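A.B. asks: Take this structure, written in structure tokens, and hold onto it; I'll ask about it next.
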Amino acid sequence: AQTLKSEFESLNMGETEQLDEFYLKLNALVTNIRALGETLEETYVVKKMLRAVPSIFLQIASAIEQFGKLEEMSVEEVIGSLKAHEER
């Protein structure tokens, strides 16, 4: 569990990496950590995701952090917002 948590903490999205690829890696880590009985709050995962995106997403990530209710957001909602930005 500690190794997976360490991987989770160091995870960052590459500049050329697709959002879907990053989400799959993040989701796999979160699922494995939770499967081992560790608690990983959704809000914590959302905040990590927003910190891990490359500079192309910084503007939308900042807007989500400022105006979104992170405590109520799911990872899927954040991905949806980021994907809408990516497609523009």
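The values are calculated or read from the model by the stated rules, or taken from the named source; none is laboratory data. None of these values were measured; they are calculated from a predicted model. Cβ: placed from backbone, ideal geometry, glycine included. Neighbour counts: every protein chain shown. Protein only, heavy atoms only, side chains kept; ligands, DNA and RNA dropped before computing areas. Shrake-Rupley method; radii C 1.70, N 1.55, O 1.52, S 1.80 Å.
A.B. asks: Just give me the residues in region 65-88 being among the polar types (S, T, N, Q) and either surrounded by 14 or more Cβ atoms within 10 Å (Cβ to Cβ) or farther than 15 Å from Thr43 by Cβ (or both), in sequence order.
C.D. replies: As a first pass, look at region 65-88 and keep what is among the polar types (S, T, N, Q): 66, 74, 81.
Matches in region 65-88: Gln66, Ser81.
A.B. asks: Next question. When you check Lys25 against the structure, is it over 17 Å from Glu87 (Cα atoms) and open to solvent by less than 70 Å² (accessible area, probe 1.4 Å), yes or no?
C.D. replies: Details: over 17 Å from Glu87 (Cα atoms): yes; open to solvent by less than 70 Å² (accessible area, probe 1.4 Å): no.
No: the conditions fail for Lys25.
A.B. asks: Considering only residues of region 36-46 that are open to solvent by less than 80 Å² (accessible area, probe 1.4 Å) and on the phi < 0 side of the Ramachandran plot, which is farthest from the chain's Cα centre (by Cα)?
C.D. replies: Going residue by residue through region 36-46, those that are open to solvent by less than 80 Å² (accessible area, probe 1.4 Å) are 37-38, 40, 42-43, 45-46.
From what's left, on the phi < 0 side of the Ramachandran plot: 38, 40, 42-43, 45-46.
On the way: Glu38: 18, Leu40: 12, Glu42: 10, Thr43: 10, Val45: 6, Val46: 5 Å.
My answer is Glu38.
A.B. asks: Here is a check on your reading of the model: is Leu50 assigned to a helix (DSSP H, G or I), under 11 Å from the mean Cα position of the chain (by Cα) and either closer than 13 Å to His85 by Cβ or at pLDDT 95 or above (or both)? Steps first, please.
C.D. replies: Working: assigned to a helix (DSSP H, G or I): yes; under 11 Å from the mean Cα position of the chain (by Cα): yes; either closer than 13 Å to His85 by Cβ or at pLDDT 95 or above (or both): yes.
Taking the combined requirement at face value, the residue satisfies it.
A.B. asks: Only residues that are closer than 15 Å to Lys48 by Cα and part of a helix (DSSP H, G or I): list them for region 67-80, please.
C.D. replies: Val75, Glu76, Glu77, Val78, Ile79
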